[in-house]
Amino acid sequence: MTNEILKVFATFVTAYTFLFASSAFIGGASAVRTTVGAALMTIAHIRPFPVLNETVFVVCLVLSALLILKKEYTFSELTTTIAGFIFVFLCVAGAEYLRLSFTRIGDEWSGVFAGGAALMTGVVVSLAKKAHAVKLYYEVGITDPEGRERRFKGYLDTGNALYDEGEAVIVISEKAARKVGAVPDGYMALGTVSGVGVLPKTRLNYKIYYDKNKHKLYSTPALISDKMGKRGYDVLIHKDMK
């Protein structure tokens, strides 16, 4: 009984590490969501329930675990997460091949090799994304109705390809919208993995400060999102504004 419990725990830890590494490709995921996803993957590995097709059952639970990592995906984020999971799996398979082919390390260390390879992949990807992300954060100055400029942290999203009648569209948080007195004058529909969403739309005049000596003035449509403030920045900059 003790050995079975340890086996389940080892499976859970490995699954958690896999999901941690996979979510690193989209900037990480919360510990709670990763834990729930790892629990599903553990069930997929143990397979205590009779099913018509075990392969389909396992694939469905793994995909469910990946979907749990984040509350709302864009299509590019979902494909990146799945591709990341596959990449992590290949790294682990490579580590196992090296262990079996070039060492005399026994199978009792298989889980350590798998978890270590996944963890190393996740850490390297996280560090690489953080180093790259430093170049993607810019200060954004938005003008309020009184003509005062209020500055916010902006993130240049290379996946943001929103357009409204040919104009690039940015996304701002509700908090930022309140501070600059932005008043919605319409709505815009946009597609996500979970379906079609509708966000309030307004028009803003703003500056993007690319460095201390360089900035550019824009006047474009802007969508107001109640989820933006949870991401650590208040403005999602369009890919054309890099």
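Where the centroid of each part is defined by its Cα atoms, how far is the stretch 70-105 from the stretch 210-235 in Å?
33
Using Cα-Cα distances under 8 Å and only pairs 6 or more residues apart, what relative contact order does the chain have, in percent? Intermediate results must be reported in sequence, preceding the final value.
On the way: 382 pairs, mean separation 45.5, N = 242.
Reported relative contact order: 19 percent.
Taking the chain on its own, what percent of its Cα-Cα pair distances exceed 28 Å?
For the chain, the share of Cα pairs beyond 28 Å comes to 45 percent.
Per DSSP H run of at least 4 residues, take -39500 (n - 2.57); add these up for the chain, divide by its residues and hand me the 222 nm value, nearest 500 deg cm²/dmol.
-15500 deg cm²/dmol
For the chain, give me the percentage of DSSP beta bridges that are antiparallel, rounded to the nearest 5 percent.
80
For Y73, list long-range residues whose amide hydrogen, built 1.01 Å from N in the peptide plane, is under 5 Å from its own amide hydrogen.
The answer is V193, S194.
Could you please state, rounded to a whole Å, how far the C-alpha centre of the stretch 108-157 is from the C-alpha centre of the stretch 1-61?
If we compute the Cα centre of each part, the gap is 25 Å.
On the accessible surface of the chain, probed at 1.4 Å, how many percent belong to carbon and sulfur atoms?
On the chain, the fraction of accessible area on carbon and sulfur atoms equals 62 percent.
Can you list the lysines whose alpha carbon is less than 29 Å from that of K129, not counting same-chain residues fewer than 8 positions off?
K70, K71, K153, K175, K207, K212, K214, K216, K227, K230, K239, K242
Would you mind checking which residues have amide H under 5 Å from A168's amide H? H placed 1.01 Å from N; only 5 or more apart, or other chain.
none
Around I142, what is the net charge, scoring Lys/Arg as +1 and Asp/Glu as -1 over all other residues with Cβ under 11 Å from its Cβ?
+1
Averaging sequence separations of C-alpha pairs under 8 Å and six or more residues apart, then dividing by the length of the stretch 69-133, give the relative contact order as a whole percent.
35
Return the single residue from A189, A38, A168 with maximal mean-square fluctuation; model: Gaussian network over the chain, springs between Cα atoms under 10 Å.
Of A189, A38, A168, the Gaussian network model singles out A189 as fluctuating most.
Given H placed on each backbone N at 1.01 Å, which residues far from M188 in sequence or on other chains put an amide H within less than 5 Å of it?
Distant-sequence amide H within range of M188: L199, K201.
Taking K179 as the anchor, which aspartates and glutamates have their alpha carbon closer than 19 Å to its alpha carbon, excluding any fewer than eight residues away along the same chain?
Of all the aspartates and glutamates, those that pass the test against K179 - Cα under 19 Å, at least 8 places apart if same chain - are E139, D144, E146, E149, D226, D234.
Rolling a 1.4 angstrom probe over the protein heavy atoms, how many square angstrom per residue are accessible across the chain? Intermediate results must be reported in sequence, preceding the final value.
Details: 14390 Å² over 242 residues.
For the chain, the solvent-accessible area averages 59 Å² per residue.
The values are calculated or read from the model by the stated rules, or taken from the named source; none is laboratory data. From a predicted model like this one, the values you see are computed outputs, not experimental measurements. Don't worry about glycine lacking a Cβ; one is built from the backbone with ideal geometry, like all the others, and counts go over all protein chains shown. All accessible areas refer to the heavy atoms of the entire protein, side chains included, with ligands and DNA or RNA removed. Shrake-Rupley method; radii C 1.70, N 1.55, O 1.52, S 1.80 Å.
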